[in-house]
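Below: the structure, in C-alpha cells.
Please treat every number below as a calculation from the coordinates, not as lab data. Predicted, not measured: the structure shown is a model, and the values here were computed from it. Positions of Cβ are generated from backbone atoms using ideal geometry, with glycine treated the same way; all protein chains shown enter the neighbour counts.
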Amino acid sequence: MRTRTITVLLSVTVLLAGCSGEPSYDESVEECVKAVKARPEGDVTKPKPCESLKEDDYTLVVMNKGIGDLGWTDKDGRFDKEKFERDALDGKP
C-alpha cells in the first residue's frame with residue numbers, strides 16, 4: 001500500500017509539473033528568436049521573451065540574426081561559409 005501511494009504521488013507531481021503553463025526552454029528560445037527578429041533596426045535592448053534564456057543562448061540568437069542580416073545563411077538559416085568567404089573576398093562587411 002505504501003509503495004502504491006508513493007507511486008501515485010510521484011505520478012501526480014510529474015503530471016502537475018508538466019502542466020505548469022510555463023513554456024519549455026525550447027519554446028522560450030523560439031519566442032526569443034521571433035522577438036529579436038521583430039526589433040526595430042538599431043534596437044539592442046533584450047526583449048522580454050528572451051529574459052529566461054541563458055546569456056550564451058541569447059548571444060547566439062542575436063549573432064544568428066546578425067549573420068542572417070548579412071546574407072551569410074542558407075535557405076534553412078544555417079551559416080553558409082561560401083557566402084561569407086565570397087563577401088570577404090569582395091571586401092564587403
(request) Kindly identify the stretch 39-93 as rounded, prolate or oblate by the Cα gyration tensor criterion: order the square roots of the eigenvalues as a ≥ b ≥ c, call it rounded if a/c is under 1.5, otherwise compare a/b with b/c, prolate if a/b is larger, else oblate. (result) prolate
(message) Can you work out the Karplus-derived ³J(HN,Hα) for every residue in the stretch 49-66? Use 6.51 cos²θ - 1.76 cosθ + 1.60 with θ = phi - 60°, whole Hz, and x for glycine or proline.
(response) x, 8, 4, 7, 6, 5, 4, 4, 5, 4, 4, 5, 4, 5, 5, 4, 5, x
(request) With label points built 7 Å along Cα→Cβ from the Cα atoms of residue 76 and residue 39, find their separation and express it in nm. (result) 2.7 nm
(request) Work out the FRET efficiency for residue 56 and residue 86 from their Cβ-Cβ distance, taking R0 = 25 Å, and round it to the nearest 0.05. (result) 0.30
(request) Search the structure for amide H atoms under 5 Å from the amide H of residue 73, placed 1.01 Å from N in the peptide plane, and list their residues when 5 or more places away or on another chain. (result) 80
(request) Could you pull out the pairs from 34/54; 34/75; 54/83; 37/75 whose alpha carbons sit more than 23 Å apart here? (result) 54/83
(request) Return the aspartates and glutamates within reach of residue 46: Cα separation strictly under 19 angstrom, same-chain partners fewer than 8 residues apart disregarded; answer none if there are no such residues. (result) 26, 27, 30, 31, 55, 56, 57, 69
(message) Spelling out what I want: for every residue of the stretch 67-73, take phi, set θ = phi - 60°, compute 6.51 cos²θ - 1.76 cosθ + 1.60 (Karplus), and round to whole Hz; glycine and proline get x.
(response) 5, x, 4, 7, x, 9, 10
(request) Work out from phi, with θ = phi - 60° and the Karplus expression 6.51 cos²θ - 1.76 cosθ + 1.60, the ³J(HN,Hα) of each residue of the stretch 35-41, listed in order in whole Hz, and give x for Gly and Pro. (result) 5, 5, 5, 7, 5, x, 4
